[in-house]
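Please read the structure below before turning to the comments.
The values are calculated or read from the model by the stated rules, or taken from the named source; none is laboratory data. All figures in this text were calculated on a predicted structure; none of them were measured in a lab. Using ideal geometry, Cβ is built from the backbone for each residue, glycine included, and neighbour counts are taken over all protein chains shown. Side chains are part of the model used for accessible areas, which takes the heavy atoms of the whole protein and leaves out ligands, DNA and RNA. Shrake-Rupley method; radii C 1.70, N 1.55, O 1.52, S 1.80 Å.
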Amino acid sequence: MDLIASLTVNGLATGMLIFLLAAGLTLIFGLMSVLNFAHGGLFIWGAYTGVWIYYVTNSFLLAIIVAIITGLVLGLITERLIIKPVYGNHIQQILITLGFMLVLQELIKVVFGPDVKAVSPPAWLEGSFQLGDVTLIKYRLFIIVIGFLLFFTIYLILKKTRIGLIVRAGVMNREMVQTLGINIRFVFMAVFMVGAALAALSGVLHAPYSGVIYAEMGLEFSILAFIVVVIGGMGSFTGSLFAAILVGLAQAFMAYYVPALSLAVNMLIMTVVLIFRPQGLFKVKG
Amino acid sequence: MSGVIVRSMSKSNLIYLGVAAILLILPFILTGRSIQFMITQIFIFAIFAMSYDLLLGYTGIISFGHAMFFGIGSYTTAIFMDRFDASFGALLIAILVAVLFAAIVSFIVGILTLRLKSHFYAMLTLAFAGLFLVAAEKWRTLTKGNDGFTFKVPEFLRDSTTIYIVSLVCLVLIFFGLRRMTQSPFGRVLVAIRENEERTVSLGYKVLHYKVMVSVVSGVVASFAGVLYMLSLRFVNTSVFHTDVTIDVLLMTIIGGVGTLVGPILGAALIELAHHWISGLADVHWIFERWIILYGTVYILVVIFFPLGIVGTIRSKLSGGSKRKSPSKKKAG
């Protein structure tokens with residue numbers, strides 16, 4: 001019981017972190033059909049700048065804020081310098097974002113050094129709750145709570161506000177939105193920045209969770225996010241949450257029972273989805 | 001008209017054969033082992049880059065996991081040479097297994113994703129390559145993990161001049177083979193898919209068959225390049241599966257010129273020389289150890305400003321700056 005509960009919490013926490021990364025990817029894709037291969041780079045930049053601030057000030061909240069700002073700024077830079085020049089050309093977009101990913105990854109090594117850095121959760125999130133015979137690690141619960149909060153916030157923004165309406169309409173038909181006098185390029189930039197901020201947030205939250213950060217983890221983790229985006233349906237926000245939880249749980253349980261196959265199991269889920277439901281589990285609706 | 005084409009083609013064939021002949025004599029002039037080794041590397045990566053060009057340049061398919069096929073060829077050869085005696089027979093079996101394995105993997109990846117939008121192939125290949133990298137790191141009994149291992153190759157291939165000539169001959173054969181293929185009706189359909197997939201479908205071509213077929217050919221050639229790489233290096237570790245390898249081959253193809261086959265060869269030479277030069281500079285300043293930054297930046301700039309590559313740009317200048325668009329231009333979706 002204890003084992004299953006802790007694996008579930010573990011899986012949910014991983015799932016939430018992947019979700020934060022995948023949410024930006026899927027919205028950006030839905031809106032502009034750009035698949036941002038540099039997303040993992042934003043993730044590690046969030047992690048490293050956050051952890052750096054955390055080292056210096058010892059305040060985890062401040063670390064989160066700095067990571068989010070890093071994400072917003074990098075998102076803006078990526079959109080303006082990398083995506084915009086090749087706007088409308090798919091192949092070039094895909095090629096260029098991967099190049100930027102590697103540049104971001106190597107720049108991390110230049111700025112922060114190439115070695116693995118250890119990170120532990122802040123004091124107020126350390127330790128665990130005891131619930132009967134089940135031990136719940138505080139930090140993991142914290143991630144899960146943050147993840148769900150963000151999901152519902154974004155969900156409400158998408159469903160209930162005018163901005164959300166524009167974004168959803170843009171996902172369905174961006175030409176039409178443009179015809180109605182809305183600057184879709186501006187909307188895209190904003191969504192891109194928010195997506196980048198979510199990726200950076202995911203990075204800084206991931207740091208104390210995994211205990212270490214290193215430059216290559218951006219690419220590794222973004223592969224999981226890609227898998228999630230495929231499973232959930234490209235462009236589907238809700239789909240990415242469910243798929244992320246699915247992948248997180250599968251990852252957690254396999255890592256315990258058959259560690260060698262923990263990446264393979266997600267590939268397997270993706271393969272099955274691609275064969276039987278290539279549009280993803282959730283179809284993109286408004 | 002067709003006479004002109006035949007004559008101009010045989011003229012270009014003559015040039016290529018002439019260059020090949022010069023390269024064939026070269027090792028007897030440049031007898032240094034390290035220089036021969038470096039040129040051999042160029043040949044091998046040229047083969048690898050041509051296989052990539054089939055996908056990106058001719059068909060408009062992006063793969064982010066091409067290192068996977070290179071790695072499959074490399075590890076198959078290394079494991080066979082290590083486990084069995086380093087005889088010629090074992091090598092032949094290794095080549096056969098490497099090629100078959102690569103064919104099966106590329107077939108599976110292709111059949112899964114090539115009917116979908118181009119992102120899927122890029123993503124799935126990236127993910128698959130990641131899987132192979134993890135497998136190579138974790139399956140220590142077979143691969144000896146991250147550290148890799150050295151192995152022996154058949155006696156007659158140990159001489160650096162021999163492996164140079166073998167690689168050159170393979171390069172020439174594969175170059176003409178692939179050129180024949182791209183100029184055949186099959187190759188024309190590939191280009192049609194690149195230019196306008198919907199139209200090709202409505203013309204009645206089974207686009208998926210063509211795409212899967214070209215991805216299998218590409219995977220097989222890449223795997224073979226991996227085999228040659230191992231024969232020249234005689235050491236394997238997990239770095240053959242790294243994204244760096246894919247980015248290298250991307251850069252070679254794009255800088256040289258997509259959709260040209262000659263371009264990737266030129267690109268391979270440039271990138272290999274740049275590697276050599278930059279690794280020499282690592283003693284000068286530590287920033288050169290982070291050469292991927294430089295490469296990545298060059299790569300981004302090339303994609304934005306120079307999408308035709310060297311050979312592509314020269315060709316479009318020669319044809320009078322005609323209305324030929326970027327070959328990587330493709331309709332969204």
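So here's what we get for this one:
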quantity: Folded to 0 to 90 degrees: helix B:291-305 orientation relative to chain B principal axis, Cα; calculated: 10 degrees
quantity: Relative contact order of region B:1-135, defined on C-alpha pairs under 8 angstrom at six or more residues apart (%); calculated: 25 percent
quantity: Cut-off under 5 Å, modelled amide H: who pairs with residue A:128 long-range; calculated: A:138
quantity: Chain B - percent of accessible surface contributed by carbon and sulfur, probe 1.4 Å; calculated: 70 percent
quantity: Taking region B:33-243 and dividing mean pair separation by its residue count, relative contact order in percent (alpha carbons under 8 Å, at least six apart); calculated: 45 percent
quantity: For region A:2-215: rounded, prolate or oblate by the Cα gyration tensor [a/c cutoff 1.5]; calculated: oblate
quantity: Per-residue ³J(HN,Hα) for region A:137-144, Karplus 6.51 cos²θ - 1.76 cosθ + 1.60, θ = phi - 60°, Hz, x for Gly and Pro; calculated: 6, 4, 4, 5, 4, 4, 4, 4
quantity: Three-way shape call for region B:1-148 based on the alpha-carbon gyration tensor, with the a/c threshold at 1.5; calculated: oblate
quantity: Rounded tilt (10° steps) of B:2-29 against the dominant C-alpha axis of chain B; calculated: 20 degrees
quantity: Residue among A:36, A:266, A:183 with the largest mean-square fluctuation in a Gaussian network model of chain A, springs linking Cα atoms under 10 Å; calculated: A:183
quantity: Part-to-part distance (alpha-carbon centres) for region B:214-257 and region A:104-137, which is given in Å; calculated: 36 Å
quantity: Nearest 10 degrees, 0 to 90: helix B:309-318 Cα axis against chain B principal axis; calculated: 30 degrees
quantity: Residue (of A:116, A:279, A:82) at the positive-pole extreme of the protein assembly as shown, dipole from beta-carbon charges; calculated: A:279
quantity: Heavy-atom accessible surface that B and A bury in contact, both chains counted, 1.4 Å, Å² to 100; calculated: 3700 Å²
quantity: Per principal axis, descending, Cα span of region B:92-197 in whole Å; calculated: 49, 36, 19
quantity: List of region A:35-73 residues, accessible area with partners at least 10 Å² below that of the chain alone (1.4 Å probe); calculated: A:35, A:37
quantity: Solvent-accessible area per residue, Å², over region B:33-243 with all protein chains present [probe radius 1.4 Å]; calculated: 37 Å²
quantity: Region A:44-75 versus region B:33-79: alpha-carbon centroid distance in Å; calculated: 39 Å
quantity: Among A:160, A:138, A:109, residue whose mean-square fluctuation peaks in a GNM of chain A (springs only between Cα atoms under 10 Å); calculated: A:160
quantity: Exposed chymotrypsin sites (Phe, Trp or Tyr not before Pro) absent - longest run of chain B, DSSP non-H/G/I/E/B, at most 13 other C-beta within 10 Å; calculated: B:140-333
quantity: At least 50 Å² of accessible area lost relative to the chain alone, listed for region A:76-119 with a 1.4 Å probe; calculated: A:89, A:90, A:91, A:92, A:94, A:95, A:96, A:98, A:102, A:103, A:106, A:110
quantity: Rounded Å value of the spacing that divides the Cα centres of region A:1-42 and region A:226-267; calculated: 9 Å
quantity: Residue-averaged 222 nm ellipticity for chain A, from DSSP H runs of 4+ at -39500 (n - 2.57), nearest 500; calculated: -25000 deg cm²/dmol
quantity: Filtered GluC sites (Glu not before Pro), region A:60-168: DSSP coil and at most 14 other beta carbons within 10 Å; calculated: A:126
quantity: Highest-fluctuation residue, A:111, A:86, A:103 considered, GNM on chain A with Cα pairs under 10 Å; calculated: A:111
quantity: Solvent-accessible heavy-atom area per residue, rounded to whole Å², over region A:2-215 at 1.4 Å; calculated: 38 Å²
quantity: Residue-by-residue Karplus 3J(HN,Hα) for region B:177-192, coefficients 6.51, -1.76, 1.60, Hz, glycine and proline x; calculated: x, 5, 5, 4, 5, 6, 8, 7, x, 4, x, 5, 5, 4, 4, 4
quantity: Relative contact order of chain A, defined on C-alpha pairs under 8 angstrom at six or more residues apart (%); calculated: 37 percent
quantity: Cut-off 15 Å between beta-carbons: net charge of the residues surrounding residue A:51, Lys and Arg +1, Asp and Glu -1; calculated: +1
quantity: Cα gyration tensor category, rounded, prolate or oblate, for the protein assembly as shown with a/c compared to 1.5; calculated: prolate
quantity: For chain B, projected area of the alpha-carbon convex hull averaged over all directions, nm²; calculated: 18.1 nm²
quantity: Distance violations [Cα-Cα > 29 Å] among A:84/A:109; A:117/B:144; A:117/B:152; A:109/B:144; B:11/B:211; calculated: A:117/B:152; B:11/B:211
